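A.B. asks: Before anything else, here's the structure in question.
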Amino acid sequence: MIREVLRMGDPRLLRKALPVERFGTPGLLALLGDLRDTMTHLDGAGLAAPQIGVNLRVVIFGVHANPRYPQAEEVPDTVLINPRIEPLSGEINEDWEGCLSVPGMRGWVPRFSSVRYAGFDEGGAKFERSVQGFHARVVQHECDHLDGILYPMRLRDLSRFGFIEALFPGEDLPPED
């Protein structure tokens, strides 16, 4: 089912999400279905449970020929529950980000260039990946939602934050977030 995505300003987006304690339950599987349906409907790269008002440490992400990210490398479809992220180096990369909870806007966001993340899939199987580039950016962005952090909170320079049309006048841009 396609769910409403909460927008920046909604206090539910600022809460620290609670860990999932039981895997493979009908409720968890229904949540994952709603996250997938909503993300697909909005051409998102990822979506966190708090963005649809569910206060659990659950994110999904994946990018395959997405019109919102035409130059982006592919990111495998992933269910990540109760994640932990650690940087693999101190190297920081800055790039433009958008968010389904901050529609129509972009910001220049610093992120670790490479990270290792670990967590569980929907059945409770533990897994771990080391990633870099766009994949690392996507997982950091989505996991930030679990700690009540929206990308504008990470900005260093507010002159590089604004509405897409104002930041990139006359450019052929991907659809709004």
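A.B. asks: Given the convex hull of the Cα atoms of region 21-62, what is a quarter of its surface area in nm²?
C.D. replies: That works out to 2.8 nm².
A.B. asks: With angles folded into 0 to 90 degrees, how steeply does helix 26-41 sit against the dominant principal axis of the chain? Use alpha carbons for both and round to 10.
C.D. replies: That helix lies at roughly 20 degrees to the long axis.
A.B. asks: I need to check one value: relative contact order of region 15-155, counting alpha carbon pairs closer than 8 Å and at least 6 residues apart, in percent.
C.D. replies: 25
A.B. asks: If neighbour count is taken as other Cβ atoms inside 10 Å, put V139, V5 in order from fewest to most.
C.D. replies: V5, V139
A.B. asks: Oh, and also: Non-local amide H neighbours of I2 (under 5 Å, H modeled in plane, Pro and chain starts lacking H): which ones?
C.D. replies: For I2, no residues qualify.
A.B. asks: What do you get for the angle between helix 133-146 and the principal long axis of the chain? Use alpha-carbon atoms, 0 to 90 degrees, nearest ten.
C.D. replies: Helix 133-146 sits at roughly 60 degrees to that axis.
A.B. asks: Report the longest stretch of the chain that contains none of the GluC sites (Glu not before Pro) sitting in a DSSP loop with at most 13 other Cβ atoms within 10 Å.
C.D. replies: Between the exposed loop sites, the longest stretch runs 92-170.
A.B. asks: Further question on the same structure: Taking only the alpha-carbon atoms of region 11-167, what semi-axes of the equivalent ellipsoid follow from 5 times the gyration tensor eigenvalues under a square root, in whole Å, largest first?
C.D. replies: Ellipsoid half-lengths, sorted descending, are 24, 17, 15 Å.
A.B. asks: Hey, another quick one. Please report the spacing between the Cα centers of region 81-151 and region 1-78 in Å, no decimals.
C.D. replies: 13
Just so you know, all these numbers are worked out from the coordinates, no wet-lab data involved. What you see is a predicted model, and the numbers here were worked out from it, not measured in a lab. Neighbour counts are summed over all protein chains in view; Cβ atoms, including those assigned to glycine, are modelled from backbone coordinates with ideal geometry.
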